[in-house]
């Protein structure tokens, strides 16, 4: 575990933003720095920006480098955890990046990497909604649907380091094309891109006047907050679309409960957090009716508590574990 004194950097790299948090050994965030990712600039420029963000966070915290104990990265893609390399980040466009070697050389501290949803789920396990539970599934619906798996207090990666790609479980092989290349994945029905597409169609057909004013048919603007605002302003068809997607997340949770029998399912990510009541209601309804009763009754459904800091706090925690 971590040392008595010092600080960790937890780093959350997303497709649109990057966040570095300075975290103490009690996993309290003492400072942060954030910038846009700008994936179009490429991996080298992106890594430069990541270094600058870490430097900015340390400066804001007034932390000397000698007090930095480690860095933990949550990264959105295919990783080589043992080698500390990015294999491929589809939403960022980076391939074959030796991130561990680069940042260990730059900051002279141990560096650990993991998938961002694994890291966020682990943050919730250590410091958030999952405290006191040892077997947890995290489901984070956003642009796609990410999953994190904690078994007996340990992050589960599988033989490929890729366990948790739960959005790509197929529910209908004749269904719509998914970004992964398969058809009928849960992500193709319940990810934000799918929801935004249905919402844009509702606007086009004149059935969602509030959304028409908020975002029109522009998919890039029909995000989690826009969906929540549209529902609050009375767009019942948008609420129906979001409820259907949330129910499918509950069906997905039911499959994972039957497979792994956790004691907790944690919902996180922008879609669930911005539409909290809908997601809790519909996921619980699916779990109540579609789970094996003996397994389902043992599960607590919870909303993530750490918000934007789940991944960075989880990153700090995996860095501390590596000490």
Quiz item: in contact with a strand residue (DSSP E or B) (Cβ under 9 Å, 6 or more places away or on another chain) and either under 25 Å from residue 170 (Cβ atoms) or part of a helix (DSSP H, G or I) (or both): does that describe residue 134?
Solution: no
Quiz prompt | Selection within segment 62-81 - part of a strand (DSSP E or B) and within 22 Å of the chain's Cα centre (by Cα) | solution = 70, 71, 72, 73, 74, 75, 78, 79, 80
Quiz item: Quick one: is residue 54 touching a strand residue (DSSP E or B) at 6+ places or on another chain (Cβ under 7 Å), in a loop (DSSP other than H, G, I, E, B) and in the same structural domain as residue 118 (by TED's automatic domain parsing)?
Solution: no
Quiz item: Within segment 269-302, can you find the residues that are out of contact with any helix residue (DSSP H, G or I) (no Cβ under 6 Å at 6 or more places or on another chain) and within 30 Å of residue 31 (Cα to Cα)?
Solution: 269, 273, 276, 302
Quiz item: Can you tell which of 150, 113 is at pLDDT 95 or above and closer than 17 Å to residue 261 by Cα?
Solution: 150
Self-check item: Residue in segment 99-108 that is nearest to residue 42 (Cα to Cα), counting only those that are out of contact with any helix residue (DSSP H, G or I) (no Cβ under 8 Å at 6 or more places or on another chain) and surrounded by 16 or more Cβ atoms within 10 Å (Cβ to Cβ)
Solution: 100
Quiz prompt | Search result, residues across segment 82-115 that are within 24 Å of residue 179 (Cα to Cα) and either in a loop (DSSP other than H, G, I, E, B) or over 18 Å from the mean Cα position of the chain (by Cα) (or both) | solution = 85, 87, 90, 91, 92, 93, 94, 95, 96, 97
Quiz item: From the set of residues in segment 177-206 that are assigned to a loop (DSSP other than H, G, I, E, B) and modelled with pLDDT of 95 or more, which is nearest to residue 271 (Cα to Cα)?
Solution: 184
Quiz item: Among the candidates 147, 158, 120, which residue alone is buried (at least 17 other Cβ atoms within 10 Å of the Cβ) and either not assigned by TED's automatic domain parsing to the domain that holds residue 80 or not in a helix (DSSP H, G or I) (or both)?
Solution: 147
Self-check item: Positions within segment 79-95 being at pLDDT 90 or above and surrounded by fewer than 21 Cβ atoms within 10 Å (Cβ to Cβ), in sequence order
Solution: 80, 81, 82, 83, 84, 85, 87, 95
Self-check item: Which listed residue, of 13, 19, 68, is over 17 Å from residue 116 (Cα atoms) and either buried (at least 17 other Cβ atoms within 10 Å of the Cβ) or outside the structural domain of residue 89 (by TED's automatic domain parsing) (or both)
Solution: 68
Quiz prompt | Count of residues meeting criterion [within 24 Å of residue 145 (Cα to Cα), surrounded by fewer than 19 Cβ atoms within 10 Å (Cβ to Cβ) and either in contact with a helix residue (DSSP H, G or I) (Cβ under 7 Å, 6 or more places away or on another chain) or not assigned by TED's automatic domain parsing to the domain that holds residue 277 (or both)] in segment 200-222 | solution = 2
Quiz item: Here are some conditions: (1) in contact (Cβ under 8 Å) with a residue 40 or more places away in the chain; (2) more than 24 Å from residue 132 (Cα to Cα); (3) buried (at least 21 other Cβ atoms within 10 Å of the Cβ). Residue 272 meets all but one. Which one does it not meet?
Solution: (2)
Quiz item: Is it true that residue 59 is part of a loop (DSSP other than H, G, I, E, B) and either at pLDDT below 95 or not assigned by TED's automatic domain parsing to the domain that holds residue 166 (or both)?
Solution: no
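The values are calculated or read from the model by the stated rules, or taken from the named source; none is laboratory data. Bear in mind the structure is a predicted one, so any value in this text is a computation, not a measurement. For neighbour counting, all protein chains shown are included, and Cβ atoms are generated from backbone atoms with ideal geometry for every residue, glycine included.
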